[in-house]
Every structure is written in C-alpha cells, then in structure tokens.
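What follows draws every value from the coordinates through simple rules; no lab data is involved. In this text, all values refer to a predicted model and were calculated from it rather than measured experimentally. All Cβ positions, even for glycine, are placed from backbone atoms using ideal geometry, and neighbour counts span all protein chains on display.
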Amino acid sequence: DVTVLRASLTSQLTSNAGSTEGTKNAISVGSTVINAVSCSSAPVCANLNRAACAKVQNTCGACLTGFIGDSGDGNSLCVSATSSGSAEKTIGSTCSASDVCGGWLACDTTLSAPVCYLPSKVCADDCSGHGTCVALNANSRKQVASCSAGDATCVVSCVCDESFSGPNCGTSSAELLEKQALRSQFLQSLSDVASTEDADSASVTALSNSLSSLAQNPYELSTESVTLVNQVANSVLTSAATLGDFSYESAVGVLSAIDAAAAATVRMNSSNTASFANEMMQTIALFNNLVQSQLVAGQDGVQYIQDSFRLSSIRQLRGFNTSLKILSPTSLLEQSNGGKASTVTIDADTSASSGSRLLSVEVDGEEEEFAVDMVVTAASSYGSAGDSFNSNPVQVTVSRTASTPTRVTFVLVHNEAGNFTSREEAASLSFNSTCTGIEDRSLHFYECPGSNEVLSHNCTGLSGVLTSYCPVRAPTCAILEGTTGVANTSSTDCEVLSFDLYSTTCSCLVQPSAEATVHSRRLSMSDLQQTGLLDAVSVTVYLGSEFKNTFNSADDLTSLAA
C-alpha cells in the first residue's frame, strides 16, 4: 500500500531531522525502496539483447553493448550494431521465424505462407487497457502517422485515460499523487542537505547520485519536485565549481535528473514548460562551465546525450584563416538510420558594422584559443511555443580572447520535412484585377491563403491588368528568447544562407555579452573573458514572393496578342 509506505518512509526522515548523516542514510534507503519495481511479467530480456529489468516495471533495461535500438529501458528489440543497416532478407521474403529475417524485420507467422515484414513500435502492456497508443515525432512530440521498428525519428507513447498515469497507464491517479508526494518529500530533504552540508568531492558526488536516483521516474515528479530537482542540481554544480579535485564525470547524475524533470514538465503540459526549459539551460550551462574548466586546448571534446537535450563542449586553438566545426552528438541508432546532425561552425571573424568577412585574427602573433559549448534542446521542451519550430533549438556559447564578434554558421536539421512554398506554388499564388479605363476607379481586395494578408488593387483610370503575388512560406533563422521560449524572427543578427525541406543554414553574429561574461566559466590556462551566447532555431514565416507585382497596360496586352 502506497499510503502505508509513505508513512513509514516519512517517519524515517522525521526521526533523522537535524542530523545530516541520518537524513542522508534515510534518503539512500528511501530512494531504493521507492524505485523498486516488479519485474515478474517482464519478457526474457536476453532475447531482446537488453539488460535485465530493474528501473521500469516489467520492462527490460537498455540495449546491451554492441547492440542498438530505442534508447533507455524498453521491451523493443535491439539488433547488432554491425548488421542493423542490412537485414538478411527483405520485406516480403519467405521466412519461418523472425531471426531468419534479421535486422528490424520480423516474420509474420499468422499467414499461411509467412513472410518478413517491418513491424510497428508498440506501447508497453498495450497501455494496460487504460489508454491509447500514439506515434509521436521524437523531438517535437507531434503525432505522426506511423512509427516503425528501428526508426530513430519517432517514439510511441500511451495517452492515458483521465484516471490513470504511468508509462503503461497502469497507475491510478490516487496512487500517483501518493508517489509524487513521497518523492517530493525526499527531494526536499535532499535540498536541505545540499544547502547545509560542507562541500567536498565525496559529498557532492553523493548528492549528484542521490538526485539522479530520486528523479528516476519522471511520472512521479510533481511541479514542486521539478523545482526541487533544479535547485539541487544548481547546488551540486555550484559547489563542484569550487572544488579543485572534483571531476565533471562525477556530476553526470545531474544531467539525468534534469532530463527526467524536463520529461515531467512536458508530460504535465503546463504553461511553465518554456520557463523550465530556460532554467534547464542555465543548469546545463553550469555543467558546461565545469567541463570547460577541466579541458585543455586540443583535448578531445566532451559529449552527452539525454532524451531532452544533448551537449558538446570543445576547447581548441584556431589558427590563421581556419574554422572550428562542432556536430551535435548522435546516438548509434540515429547513425544507423543515416540521420543528419545539426552543426555549428565558428567562421572567420566578421565585421559587425559592414558584414564583410575578414580573416581570422591571431592574438599576439599566436593562435587564438576558443572554448565552445553547443546544446541542442528538443523542441517539445518549450511546450506550445515549440510547436512553431522546424528544428530543435541550438544554443552556442563562445568564449575567446579577442573582443571581436564571432560569426557562426548554424545548420539546423528539421524535425520533419518542411512545408514550404515551392516556386511553382508561388507563381500560382496571385490575384488579377482588370481595370477598364479612365472611368474605372474601383478598389479590389483579395485575402491570401495561409498568411491571410489582404492585397488591395486600386484602378486609377488606366486600362490593363494588375497582378499581385501573395507571401510565401519559407524558413527563417530566429533567435530564441530563453525566458519565454518565443522565437524572435525580426532579429538582424541572423540571416538565412540556404534551405531545403530538411534543414536551414543560418549565418549569425554572436556578440560579446556583458551578462554572459559575468556568468562566464571558470577557465584555466588562458583568460578567455569575451563570452557570447546565441540560441538559434528555424521557424516558418511568410515572406514576400520572388515574383514582382506587375501592371500590364491594355496596349502591352494588345502588342503581346499580335
């Protein structure tokens, strides 16, 4: 009984109130108990090439080493990393069992003559009969028509009936509230420990691990818990930054915790989703600061992938007339799908006033050192504001010695093929008005489809045909306003260089920011005081057509007819 369990564990916290060590022990025991799950109905995980069930009820763990599949815990098949791109047979081939088909294919043995087919992903326990299984885009969480096994761009998720929750809709609302309250109490106690305990490497590592454990189940995180997760994460990273012997690798528990908090916020679909996304980015910035403080120029970069975000940090020397390029981290499944990654390229320096491109600047006759952080956030993390995004937002933070503004090229990969206006469609989006002569002073109004812009034609006494073209749909490079999640499409700091259905390429100017410099990372070995930050995203807007409005006089038309 959850109520009895809550009373027992709460008693442990209460009896140890005032004792830091006692509270830490109670949290350790409590987190183990509340994370315990039943695995009695889990499938044979070895047959799926997954780790044993441990974190999610009746659900196998992550893919085993050497195998790829859907990230995290799940009951879907993981396949060999070396053979994922090529099945032994093709769809429609005869088979006797699924292992004969290979790759993501399965054998449909319900047919009189079984054949290989590509199955769809399925929800856990068929949503326990208390919900509907839907296919969603993995980044935007918008519903898609289908989601096949092995497809990295989509996920399936249960939309639970009103009185149920959980990944498989197997938890009643009353039980969920009890579980949320219990986690919230433990997170509050952890927050108290974080604010009172003297920081050393061991204690900060323990805080990070405890936070990760308490935030393990995003369904059991309430709004209050989400706030507490972020508070403790900030406390861990702030303390870590003061310790000379602390490794950033000991704080990775913070990343999984805020990822769970982000998932909880998206699930709750509250008006505060974009606000939490901003808080999440600030916490990630603290982690990046910690990483950068321990990197040296030329060392391999650091990458992490979570469901809600992924980050990459590099520290490099840039020579004369060279550029630096960072790719968004990608999973093995994404790589097997051949998916493209968003990129950030630090270009040659650019004059802010004229926009003319200059050669890179050498500082005191030497190569210039750059510290660059790239954070890609799932569009869904911004709630309803993210519905207008074509791509996931990409944030770049650039620290350097020179005070020169930094020209950065973003390649923003779209979450789905863009719905943009083709040239042929643009040519057809026009309205004509025929003006009959000197006595014709008529006005004509036309409403453009999609943009709803109203075109007006005014006949001025001339004979001829007036033609106007409607605005067209095209991507633009917007700057994300962090606190609101609103994409600012009117900024002059970014311009579109090119686009197609699948990506938008932007050239943006990252200005040294006084605020960013104040909060700049604790860097070693050089004084990189000039820090700039910019968050870019592709959004669709209506722009003026490439076709120009025209007036063909009656004389011109007569001449053309002849």
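Before moving on, here are some points about what is shown:
- Each of T10, A135, Q57 was placed along the dipole of segment 1-159 (beta-carbon charges, centred on the mean Cα), and the one lying farthest toward the positive end is T10.
- Pairwise label distance in nanometres, R441 with D198, each label 7 Å out on the Cα-Cβ vector: 9.1 nm
- For segment 420-438 and segment 446-481, distance of Cα centres in Å: 9 Å
- Net charge of neighbours whose Cβ lies under 12 Å from the Cβ of F547, counting Lys and Arg as +1 and Asp and Glu as -1: -1
- Ascending count of other beta-carbon atoms within 10 Å, so fewest first, for E220, E334, E21, E416: E21, E416, E334, E220
- CD proxy at 222 nm, helix term only [per DSSP H run n ≥ 4: -39500 (n - 2.57); per residue of the chain; nearest 500]: -8500 deg cm²/dmol
- Mean Kyte hydropathy of 0.0 or more with a Cα span along the axis of at least 18 Å, helices from DSSP in the chain: 2-15, 20-34, 201-214, 223-240, 252-268, 273-293
- Charge dipole (Cα centre; +1 on Lys/Arg Cβ, -1 on Asp/Glu Cβ; no other charges) of the chain amounts to roughly 560 debye.
- Summing charges over all other residues whose Cβ lies under 12 Å from the Cβ of I326, with Lys and Arg as +1 and Asp and Glu as -1, gives +2.
- Cα-projected label distance for D500 with D245, points at 7 Å along beta-carbon direction, nm: 5.4 nm
- Relative contact order computed over the chain (Cα-Cα under 8 Å; 6+ residues apart), in percent: 10 percent
- Separation in nanometres of the label points that stand 7 Å from Cα toward Cβ, at E367 and D99: 5.1 nm
- Listing K179, K24 from fewest to most neighbouring C-beta atoms within 10 Å gives K24, K179.
- Multiplying the residue separation of E425 and S112 by 0.36 nm and removing their Cα-Cα distance gives an extension gain of 107.9 nm.
- Counting neighbouring beta carbons within 10 Å and listing from fewest to most, the residues S380, S490, S328 come out as S490, S328, S380.
- Entry for the chain at q = 0.08, 0.09 Å⁻¹: log10 I(q)/I(0) = -0.67, -0.81, Debye formula applied to identical alpha-carbon scatterers, no solvent contribution.
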